[in-house]
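For reference, the structure is listed below as structure tokens.
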Amino acid sequence: MSEAEKTKDDKPIKKKGNIKFILTIIFTISGFAAAITANLLIPQVSEKVKIEVYQVGPIYATMNNAYTWVLAALIVLYTAIGVFSYFKKERRKKYRSRAPFRFAVGIALVLWDFLGTKIQALPQPFFPGPAGIIEAFLIEGDYIIQNTLYSLRLFSVGFLLGIIFGVGTGILIGWFPKVYYWVSPVLNITGVIPAVAWMPFALTLFPTPFSAAAFLIVICTWFPVASLTASGIKSTPKAKFEAARTLGGKTPYLVFHVAIPHAMPQIFTGIETASAFSFTTLVMAEMMGQPGGLGYYINASKVWSAYYKVFAAIVVMAVLFSLITWLVGLIKSRVLRWQRGLLK
């Protein structure tokens, strides 16, 4: 068969694949489109919901307006991701696999909006509708951003210091038997104690609530990172060390060019594990004596039974943790790019 004939045969296949992917994009965003349609067309039955107009800069909006804008932004976002994914096979496959879940999220929002806002069949004020949650951002968006930045600053300080101390401790434990003898029992004992249990001592030892909370995050980050780093260092095959010594490698070379690169997958496993523990500790520490942060905001909102604000803070937490997980995964894929093709 000639090249021209092959090209003719391939065109219908490519065209069919293009149509299927376009339908996948439409399927992905149709759930959110249904949520917009439902919000606009279904009347407000419950009289307990007060639709107020808020000013955000030069824009005036109700909670329903803001809710539909958020849904429209999601439609634009997932359409753009679909167009971006079209040009690479792996991204197309990933986009297709997530399409049913995104559609289901849109349908769930339709039901949630109907039950939580339109007729308020859910127990109130504990389960507000999605539009009610977005109303919190209309009322005090600046205050939520302020508390979010406080949480980010606290998390960044504690998490980064915990990684530095954890990797350093893990290298020392994994490489030097004497350090392992003295430090490993301490690591094992302190590692099983919840970080929040150290709060009374931290508040006594450190001069400010911020430094005390940062210490708790350091503690809960330090244990998994140090443990898995030490495990990675100790599991380095002796054949690699012998080959490096044959080529003239000294101890620093063996540590930084043989042992640590071999331990990198386990180091990143420790960091990924620690990120979840650290974020949980962050919120709990903020609830127990911080002058700001999302945990503090949740406590303050709960006192006034403003549960729509509590849910707003939870949404911000979910977005933040997703971004942190994505960033750690991005760094991991960059550092461990040599693993591509080796792992499924």
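The values are calculated or read from the model by the stated rules, or taken from the named source; none is laboratory data. Everything numeric here is computed off the predicted structure, so don't read it as measured data. Ligands, DNA and RNA are stripped out before the accessible areas are found, and what is left, the full protein with its side chains, is counted by its heavy atoms. Shrake-Rupley method; radii C 1.70, N 1.55, O 1.52, S 1.80 Å.
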Pairs to check: 50/94; 93/240; 178/250; 94/332. Give those whose C-alpha atoms are more than 30 Å from each other in this structure.
50/94; 93/240
In whole angstrom, how far apart do the alpha carbon centroids of segment 160-232 and segment 258-314 sit?
17
For the chain, with all protein chains present and a 1.4 Å probe, just round the carbon and sulfur fraction of the accessible area to a whole percent.
70
Enter the accessible area per residue of the chain (Å², integer; probe 1.4 Å; all protein chains in place).
59
Send over the semi-axes of segment 94-164's equivalent ellipsoid, whole angstrom and largest first, taken as the square roots of 5 times the C-alpha gyration tensor eigenvalues.
32, 22, 10
Only one of the values [x] 207; [y] 164; [z] 144 was calculated from this structure for volume of the Cα convex hull per residue in Å³; name its label.
[x]
Show me the helices of the chain, taken as full DSSP H stretches, that run 15 Å or more along their long axis by Cα and average 1.6 or above in Kyte-Doolittle hydropathy.
307-335
Can you list residues whose amide H is under 5 Å from residue 56's amide H, if they're 5+ apart or on another chain and H is modeled 1.01 Å from N?
61
